[in-house]
Amino acid sequence: MKISKSKIFASGLVVIMLSVFSTSNIKAAEALKIGSAELSFNAGYMSQYIWRGQDQNNNDGSVSAGADLAMGDFYAGIWTAGVDYNGSKQEVDFYAGYTPTLGPIGLDLGYISYKYPGNNSKATNFGEFYAKASFAPEKQPYSLKVSFFSDDQASGSEVGAEYLEYSAGYDFGFASLSVAYGDYKNSRETWTTSLSKEIAGLNFTVAYIDNEEDTAGSLLSKNMTTISVSKSF
């Protein structure tokens with residue numbers, strides 16, 4: 001299999017970034033307290049960028065980076081990754097939300113805006129309101145989660161499009177297993193099974209994705225295996 005120079009460069013860049021982040025993690029955490037707020041960062045590399053069952057970067061790897069500002073139950077952030085989508089080479093997401101908790105139940109209510117520099121059409125740049133609920137009992141190895149996203153109906157290629165996802169996780173100690181089922185209304189259904197492990201401060205994930213398009217015979221209906229590495233600091 002031929003490996004492109006861009007893949008080699010991206011892989012090397014993210015390894016350097018993650019190495020620096022690993023060694024400076026403690027110092028950075030102390031320096032980024034802003035009053036009652038906390039600023040955190042993340043970076044990663046995906047062998048293939050899959051979003052809701054579909055490839056976003058022409059089967060190539062993608063480097064990502066983001067920043068989050070949290071104050072109590074409120075948060076806001078920005079995340080970006082390399083893509084090959086409708087003439088754009090970059091995706092930039094802006095989001096904000098509220099995360100109240102009630103015992104083992106956690107909620108996440110917010111809004112996310114997807115932007116693609118180089119393409120200003122409303123059919124490409126869009127936003128979604130979302131609501132997530134999780135159940136994760138303290139000191140238990142399992143967790144359950146349901147997430148719902150709805151197009152803001154002010155933009156987007158599929159006005160009023162909805163995405164519903166159910167997921168479950170189990171921490172075996174040596175690694176964590178996650179299984180998720182997603183239904184993108186009038187578009188596709190996706191099963192994802194992933195195994196994650198933290199090694200030397202880096203989180204490695206191997207995922208197997210089964211994407212089934214609603215359109216019979218679609219070439220986008222396929223199975224994929226991806227590997228990713230990420231670091232939060």
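For Lys33, the aspartates and glutamates whose Cα comes closer than 17 Å to its Cα, not counting residues fewer than 8 places off in the same chain, are Asp68, Asp73. What you get for the range 5-232, charging only the Cβ of Lys and Arg (+1) and of Asp and Glu (-1), is a dipole of about 700 debye around the Cα centre.
Stretching Phe41 away from Leu102 to a fully extended chain increases their span by 19.3 nm, per 0.36 nm per residue minus the current alpha-carbon distance.
Students often get this wrong, so check it: of Lys89/Lys231; Lys139/Lys222; Lys122/Lys197; Lys145/Lys222, which have C-alpha atoms separated by over 29 Å?
Working: Lys89/Lys231 23 Å; Lys139/Lys222 37 Å; Lys122/Lys197 39 Å; Lys145/Lys222 25 Å.
Cα-Cα > 29 Å for Lys139/Lys222; Lys122/Lys197; rest within.
What percent do you get for the relative contact order of the range 5-232 when only Cα pairs under 8 Å and 6+ apart count? Numbers along the way, then the final one.
Working: 540 pairs, mean separation 31.2, N = 228.
Result for the range 5-232 is 14 percent.
All of the numbers you see were taken from the coordinates with simple rules; none came from a lab. Being a predicted model, the structure only gives us computed values, none of them experimental. A quick note on method: Cβ atoms are made from the backbone with ideal geometry, for glycine too, and the neighbour counts reach across all protein chains shown.
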